[in-house]
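The values are calculated or read from the model by the stated rules, or taken from the named source; none is laboratory data. In this text, all values refer to a predicted model and were calculated from it rather than measured experimentally. With ideal geometry, Cβ positions are generated from the backbone for all residues, glycine too; neighbour counts draw on all protein chains shown.
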Amino acid sequence: MPDWRIEKSAISALNNGCDVAFAGNCPKNYGNTTFSEVHRVVWTAKARFGIPFYWDSVKKQLGEIIKKSRPDIVHAHNLFSAKMISEFGIPFVYDDHEYWSLHVRLLEEMAESNKKNGVENLLDLPRRIRRRFITKYAVYLWTKWENEMISSRPTITVSSKIADEMKIKATSNEKILVVPNYPLRTESRSSKLHLVPHARLSSIYAGSDGRNKEKYPHRNIDGFIDLFRDHNLGDLTIIGWDGSPSKNTKYLGYLPRDSMYSEMSKHSVGLIPFRKHWSHAYLDPNKAYEYAHAGLHVMCTDSLATIEDTLKENCSTFENYEMLASQLEYFKANPEVLYNKRLKILEFAKSNLIWENNEKEIFRAYQLS
């Protein structure tokens, strides 16, 4: 924690008459307004690798919580929690919103990239060999664990693309359900939002992920901010990290969700400009749907197929930054076209991009557990 998908699932359960407690990693100052109880569980890297002493330490912590809380069902929101709870004989569902077999391939890619970009040093060789071995082991172990979970337990994931692939892997399990990362109806301002045309073209990028291509190679935005410096494309506002403002670019840092939606609604375009990556076929960033609920026309790289499949004509895709610049120049010259697109996506979001529309799949998973 904090993890908004976990909280949305808990809110759905609360609204359907359940009592919900949380057990897992969370900051000591976590401002809980959702859970009846919050139990801190200290996970370590060695425990996540299943090393017996460290695994047993976490299992002991969790066992004491289970003895006290006596849950009817556990909603496991990551692979390690699912594997751990499987050893207690308690009904549970696995929410695989990270798609771990994909995630470990990214870890392997990052390790290779760091090796290529690093300075070769004989003194560093033992550490690099050890890191490479650990990465290979993670790919093996976590893929194995995920296949075990999706083959034996009701599994929730975020997109049809991932679900279809899981069903092929888990030939003995048809209990794979989809709950996309849409906003809650109560958090969205879309029902009360009255859009107005904007005199100047203004775009938003939300999320701290794009500033760290080593940590997030599939969210690489190298050259994106320079685009607004080198071309006359209106203004760019970045939510999620701090930076040095320039003539056309400003940074707002972290914003609470209410403030985020309020700020977004002041602009016209929501951008997801990740450079193409093999993992994009599985990626479904929830910022696309937050943009939609703020009345922003969504523009994304054309490799982000799930966004385009979901939003259909309510988004524009581009192959590269040159094409993005060309499309923004068009909207700058044709503000009435952009305004009409904003009106359409807002109406689409109100009816279609709502968490509550899909939460029934969570309870179906509970019934199947």
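Within segment 84-109, the set of residues being in a loop (DSSP other than H, G, I, E, B) and either free of Cβ contacts under 8 Å to residues at least 60 places away in the same chain or hydrophobic (A, V, I, L, M, F, W, C) (or both) comprises E87, F88, G89, I90, E98.
Could you grab me the full set of residues in segment 267-292 that are of a type in the set (K, R) and over 16 Å from the mean Cα position of the chain (by Cα)?
R275, K276, listed by residue number.
Taking segment 213-248 as the range and being closer than 21 Å to K276 by Cα, modelled with pLDDT under 85 and charged (D, E, K, R) as the test, the residues that pass are K213, E214, K215.
For segment 283-298, the set of residues classified as more than 27 Å from W100 (Cβ to Cβ) and free of Cβ contacts under 8 Å to residues at least 40 places away in the same chain is empty. Among the conditions (1) assigned to a helix (DSSP H, G or I); (2) surrounded by 24 or more Cβ atoms within 10 Å (Cβ to Cβ), C300 misses just one, which is (1). Would segment 62-75 turn up any residue that is closer than 30 Å to S188 by Cα and of a type in the set (S, T, Y)? No, because not a single residue in segment 62-75 is closer than 30 Å to S188 by Cα and of a type in the set (S, T, Y).
Of the candidates S160, S208, the single residue that is modelled with pLDDT under 80, surrounded by fewer than 17 Cβ atoms within 10 Å (Cβ to Cβ) and not charged (D, E, K, R) is S208. Would you be able to say whether some residue in segment 338-347 is hydroxyl-bearing (S, T, Y), part of a helix (DSSP H, G or I), within 23 Å of the chain's Cα centre (by Cα) and not assigned by TED's automatic domain parsing to the domain that holds I176? No, segment 338-347 has no match at all. Within the option set E356, E319, E336, being among the charged types (D, E, K, R), surrounded by fewer than 16 Cβ atoms within 10 Å (Cβ to Cβ) and under 30 Å from V74 (Cα atoms) holds for one residue only, E356.
Among the residues of segment 76-97, is there at least one that is within 28 Å of W278 (Cβ to Cβ), of a type in the set (S, T, Y) and touching a helix residue (DSSP H, G or I) at 6+ places or on another chain (Cβ under 7 Å)? Looking through segment 76-97, at least one residue is within 28 Å of W278 (Cβ to Cβ), of a type in the set (S, T, Y) and touching a helix residue (DSSP H, G or I) at 6+ places or on another chain (Cβ under 7 Å).
Touching a strand residue (DSSP E or B) at 6+ places or on another chain (Cβ under 9 Å) and either without any contact (Cβ under 8 Å) to a residue 40 or more places away in the chain or surrounded by fewer than 22 Cβ atoms within 10 Å (Cβ to Cβ) (or both): is that true of S279 in this structure? Answer is no for this residue.
Contact map, segment 50-76: residues that are assigned by TED's automatic domain parsing to the domain that holds P91 paired with residues that are outside any helix (DSSP H, G or I) and exposed (fewer than 12 other Cβ atoms within 10 Å of the Cβ), Cβ distance under 7 Å, separation 6+ or inter-chain. Pairs shown: K59/E87; Q61/V42.
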